[in-house]
Amino acid sequence: MSSRAYSFVARVTSLNTDPEVDETIFGVSPAVQKFLNLGFLGALITTIVASIAWQVVASAFPIAFLGNPLTYILLRWCLFLEALVFATPLTSLPGSRKRSLDSKLMMYTLALPSVARVERNTASICVQRHVRSWLARPYLTTCMTSAIRIQANARKWNQQAQFALMRQSALTIQARWRGYQTRTEFAIATKAATLIQGVWRGEATFVNFSISYDNIIVVQTVARRFLSVKQASRR
């Protein structure tokens, strides 16, 4: 941008504050306020923002920026402003200015793709995306079906292994419990049988002793009567 353009932007973005009458901006000194009244600081900031903003947007969204019709219109407008008297120092060379304008227009026209080309590219990208999505669906369905079958078989095998382990554990616990119950019942039965045998043997022994005792008493009685009769007959 030329010096006249800087002067124009400086005049637009500058403030005319008299430090001797009005208050200064942000409480600065009168000398600094007089420097700010010249407008160079606002022109510098405005020029930097205007020069870098479109570059940031173009680098972030290149296709949308280049395919926007407003970009071409703004380009024409900027070149028109640059060709004006107050925006270029080549006021005495209209032919040179015209050739420069034509060369810049040709350069930007060749650099920027047309709107139709961008639209065709966008449409082709969209079609390709849909076709690839349609072609990928059967493969995705096959992969999902295979994955589901593998998961089902893996879960089935896992459940079968867990069931077999739990069944074996249950059988072991049942066997141990039944063995414990059998041993306990056998011990109780053995103790009861021993007790019954002891009582029965004691009762049998007592009955035999009673019979033997009665027999002994009878024998003694008969023997004593026989001896008494024999002694009595001798006298």
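A few points about this structure:
- Of the peptides 131-144, 67-80, the order by per-residue mean of other Cβ atoms within 10 Å, starting with the highest, comes out as 67-80, 131-144.
- Additional length obtainable on full extension of the chain from ARG201 to ALA223, 0.36 nm per residue less Cα span: 4.7 nm
- Between THR194 and ASN153, the distance separating the two model label sites (each 7 Å from Cα on the Cα→Cβ line) works out to 6.2 nm.
- 21 Å tail of the calculated P(r), segment 156-235, as % of Cα pairs: 68
- ASN215 versus CYS78: modelled label distance in nm, points set 7 Å from Cα along the beta carbon direction: 14.5
Since every read-out is calculated from the coordinates, none of them should be taken as a lab result. The model shown is predicted, which means the values in this text are computed figures rather than measured ones. Cβ: placed from backbone, ideal geometry, glycine included. Neighbour counts: every protein chain shown.
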